[in-house]
Amino acid sequence: MDALYGKTLDELKVIAADAGLPAFAAKQIAVWLYHSEVDSIDAMTNISKTGREKLAKQYTIGLTPNSGVQESTDGTKKYLFSYGIRRTIEAAYIPDEGRSTLCVSSQVGCKMGCLFCMTGKQGFQAHLTSNEILNQIRSLPEKSILTNVVYMGMGEPFDNLENVLKSSEILTASWGYGWSPKRITVSTIGIIPAMEEFLNKSQCHLAVSLHTPFEEERRQLMPVNHVYPLHEVIQTIKKHDWTHQRRVSFEYIMFKGVNDDARHINELSRILHGLKCRVNLIRFHPIPDSPLTSSSENTIQEFKEKLNAKGILTTIRASRGQDIDAACGLLSTKELLRKES
Amino acid sequence: MILAEKMSLKTCKVFENSEVAPSVYYLKTERTSDFIPGQMIRLTENIKTPPRLYSIASGIHDDYFGIIYSVVKGGKLTPLLSGLKPGDKVFCSSAFGSFTDPAKETIWIATGTGIAPFLSMVLSGLHSGKTLIRGARQESDFYFDEIFKLKLKDKYIRCCSSGELQNSYHGRVTQYLWDHEADKKSKYMLCGSAEMVVDSRDILINKGVSFTQIISEIYF
């Protein structure tokens with residue numbers, strides 16, 4: 001049976017009409033799903049009994065509890081969700097001073113094959129539906145204290161744009177959770193057509209995985225650069241208006257001897273010149289069999305200071321959950337291997 | 001949905017659409033631009049269906065674009081493509097992308113329709129100094145086999161995972177890589193499913209090939 005949870009208002013209108021319900025019932029169902037957060041169709045008491053019975057013949061609410069959790073001493077928790085055979089994904093809950101962020105997955109596995117990514121080693125299994133994306137939030141024990149959601153977990157969100165847009169619409173619409181889009185960040189490796197579509201249809205923040213300002217180096221780290229080269233990604237972003245509240249940031253994992261010298265600082269400041277943005281430096285969390293290692297603390301600190309001195313707002317992301325399987329995809333890959341053995 | 005009408009695609013006539021292996025087709029269409037072997041195009045059957053990316057699988061001197069696609073059951077585009085007849089229309093972009101091979105010596109690794117960019121290179125005469133390690137399940141999946149045999153001779157290594165093909169390595173491409181010494185000086189180009197590309201890259205790195213010598217093309 002199909003799930004009601006994760007449906008947009010437009011989809012609920014079609015469902016309501018098919019069930020012979022009045023047009024306004026769609027909004028009533030949305031309110032039950034996303035405001036009241038009921039866990040049964042029968043609890044939607046302002047829908048007629050016959051209507052509820054008709055809905056229940058074809059639909060469930062469709063919630064899935066987590067299937068496991070790893071907890072770090074710093075409070076970070078990694079939740080596993082199983083959506084069927086070979087369909088295990090993870091969501092990372094990251095509490096911090098004054099904010100609690102959930103990092104959600106958008107795909108099971110990933111097709112992009114980035115050299116530094118654990119999720120890519122699983123290959124690609126499936127796109128998550130908007131139900132499966134939102135369920136990571138809805139079924140989170142800490143949901144009531146969440147302040148931010150970032151689409152930076154497993155998968156490339158813009159390879160599953162339809163469901164990412166649906167889920168972010170439900171998070172931000174008045175009939176949905178009514179969150180400000182400024183509480184949501186969607187991360188991409190730079191799939192340009194989908195990124196343009198997202199920028200036109202959503203007001204959520206954008207984060208772009210950059211990792212080196214040089215095309216040839218980026219091709220070695222990220223195969224997508226053959227298709228969508230960095231200069232075209234930056235050009236597309238620069239065409240957009242970032243002078244208001246919406247933000248664009250660039251993720252930059254620091255790899256020792258690969259992307260962490262003065263050439264990179266100079267080229268980064270050149271390509272980002274004139275763009276109101278932030279660069280987030282990230283320590284590399286080691287993954288098995290990787291030829292890459294993280295830059296030293298000194299190098300990262302120096303890199304930050306030099307970029308800031310060149311007028312590029314640069315921060316270092318705090319490493320969290322180092323005592324659990326911190327690298328994205330590591331926990332779910334282990335779970336996948338455990339199930340297969 | 002990202003629609004073709006927003007992507008400046010050109011209307012192109014279909015010249016030929018033939019099944020080269022079970023559920024795998026070679027489509028020839030009007031050419032929209034010059035290209036470098038290894039580049040790709042966006043293509044769709046109608047402007048309401050989002051286009052997909054296809055590596056060009058024809059030579060630079062051919063007056064058409066050739067692409068190879070396998071029909072995905074329940075897919076939005078490939079079932080439509082498989083019904084195309086000569087004279088029908090498709091919508092194509094110009095060529096783009098940088099999965100090209102200017103090196104003197106390269107080892108190409110491909111599975112499935114990932115053979116397309118290397119077919120384009122061979123058909124364009126860019127096969128000197130190249131070795132192709134190609135993986136497929138059964139004999140019928142080695143489409144365009146004769147072209148590679150003719151041009152690459154003993155530099156064409158077929159890995160047949162069902163083990164039914166004579167004069168081939170019996171096993172997957174990844175097993176072949178494990179079983180053989182890696183040439184640490186050559187450049188490597190990988191094209192195929194994300195899983196094959198990631199696994200092959202890991203094996204090569206494990207055998208001492210620098211990641212800077214490996215470039216990969218992925219399907220998405």
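Odds and ends about this structure:
- Solvent-accessible area buried by B and A, counting both chains, probe 1.4 angstrom, square angstrom: 2400
- When the charge dipole of chain B is built from unit charges on Cβ atoms (+1 for Lys and Arg, -1 for Asp and Glu) and taken about the Cα centre, the candidate among B:H180, B:I47, B:I60 whose Cα reaches farthest toward its positive end is B:I47.
- Loop-located GluC sites (Glu not before Pro) in the stretch A:57-120 whose Cβ has at most 13 other Cβ within 10 Å (DSSP): A:E97
- Complex-versus-alone comparison for the stretch A:80-128, residues with a loss of 50 Å² or more in accessible area, probe 1.4 Å: A:K111, A:L115, A:K121
- Lysine pairs within the stretch B:36-115, Cα separation less than 20 Å, 8 or more sequence positions apart or different chains: 7
- Over chain A, DSSP H runs of length four or greater, each weighted -39,500 (n - 2.57), average out per residue to a 222 nm ellipticity of -9500 deg cm²/dmol.
- Sorting A:H231, A:H244, A:H285, A:H127 by accessible area puts them as A:H244, A:H231, A:H127, A:H285; the probe is 1.4 Å, largest comes first, and only protein heavy atoms count.
- Peptide A:215-224 has a mean of 4 when you count, residue by residue, the C-beta atoms of other protein chains within 10 Å of its C-beta.
- Across the stretch A:121-132, coupling constants 3J(HN,Hα) worked out from phi with the 6.51/-1.76/1.60 Karplus curve, θ = phi - 60°, read 5, 7, x, 10, 10, 6, 7, 7, 6, 5, 4, 6 Hz, and Gly and Pro carry x.
- Rounded to the nearest Hz, the phi-derived 3J(HN,Hα) couplings of the stretch A:302-319 under the Karplus curve 6.51 cos²θ - 1.76 cosθ + 1.60 (θ = phi - 60°) are 5, 4, 4, 4, 5, 5, 4, 5, 8, x, 9, 4, 10, 10, 10, 6, 5, 6, where x marks glycine and proline.
- Semi-axis lengths, Å, the stretch B:1-109, gyration tensor of Cα atoms, sqrt of 5 times eigenvalues: 22, 16, 14
- Dividing the mean sequence gap of close Cα pairs (under 8 Å, 6+ apart) by how many residues chain A holds gives a relative contact order of 15 percent.
- 5 angstrom amide H check on A:H285, placed H, neighbours 5+ away: none
- Around the amide H of B:R137, modelled in the peptide plane, lie the amide H atoms of B:S161, all under 5 Å away and 5 or more residues distant in sequence or on another chain.
- Count Lys and Arg as plus one, Asp and Glu as minus one, and take only other residues whose Cβ is under 10 Å from that of A:P291; the net charge is then -1.
- HN-Hα J in Hz across the stretch A:276-288 - Karplus 6.51, -1.76, 1.60, θ = phi - 60°, x for Gly and Pro: 6, 7, 10, 9, 9, 7, 10, 6, 7, 7, x, 10, x
- Taking 19 Å as the straight-line reach from the Cα of A:K166, the aspartates and glutamates in range (excluding those fewer than 8 positions away in the same chain) are A:D2, A:D10, A:E11, A:E37, A:E132, A:E156, A:E196, A:E197.
- Scattering profile of chain B at q = 0.09 Å⁻¹ [log10 I(q)/I(0), Debye over alpha-carbon scatterers]: -0.35
- Space enclosed by the convex hull of the alpha-carbon atoms of the stretch A:68-340, per residue, Å³: 127
- Acute angle (nearest 10 degrees) that the helix A:262-271 long axis makes with the longest principal axis of chain A, alpha-carbon atoms: 50
- For the pair B:K185 and B:S162, a Förster radius of 41 Å applied to the C-beta separation gives a FRET efficiency near 0.80, rounded to the nearest 0.05.
- Cβ-based charge dipole, the protein assembly as shown, positive-most Cα from A:G113, A:L102, B:N167: A:L102
- Dipole magnitude of the protein assembly as shown about its Cα centre (Cβ charges: Lys, Arg +1; Asp, Glu -1), debye to nearest 20: 740
- Computed per residue of chain B from DSSP H runs no shorter than four, each worth -39500 (n - 2.57), the mean residue ellipticity at 222 nm is -5000 deg cm²/dmol.
- DSSP bridge pairs, the stretch A:68-340: antiparallel proportion in percent, nearest 5: 45
- Long-range amide H partners of A:H240 with built H, under 5 Å: none
- Trypsin sites (Lys or Arg not before Pro) lying in DSSP loop within the stretch A:54-127, provided at most 15 other Cβ fall within 10 Å: A:R86
- Average partner coverage of B:212-219, which counts Cβ from other chains inside 10 Å: 6
- Ligands, DNA and RNA are left out, and with a 1.4 angstrom probe the accessible area of the protein assembly as shown is 42 Å² per residue.
- Directionally averaged shadow of the stretch A:2-60, computed from the convex hull of its alpha-carbon atoms, nm²: 3.3
- On Cα atoms only, tilt of B:194-206 relative to the major axis of chain B in degrees: 30
- Distance from the stretch B:1-75 to the stretch A:176-231 (C-alpha centre basis), Å: 26
- Solvent-accessible area assigned to carbon and sulfur over chain A amounts to 50 percent, based on a 1.4 Å probe.
- Taken over the protein assembly as shown, the ratio of Cα radius of gyration to 2.2 N^0.38 Å equals 1.01.
- Furthest towards positive pole of dipole, B:S94, A:S180, A:I145, structure part the protein assembly as shown, Cβ charges: A:S180
- Per-residue SASA remark: A:D241, around 80 Å² accessible (1.4 Å probe; ligands, DNA and RNA not included).
The values are calculated or read from the model by the stated rules, or taken from the named source; none is laboratory data. Here the structure is a predicted model, which is why all the values come from computation and not from measurement. Here the Cβ is made from the backbone with ideal geometry for all residues, glycine too, and neighbour counts use every protein chain on show. For the accessible areas, the whole protein counts, side chains as well, though only heavy atoms, and no ligand, DNA or RNA atoms are used. Shrake-Rupley method; radii C 1.70, N 1.55, O 1.52, S 1.80 Å.
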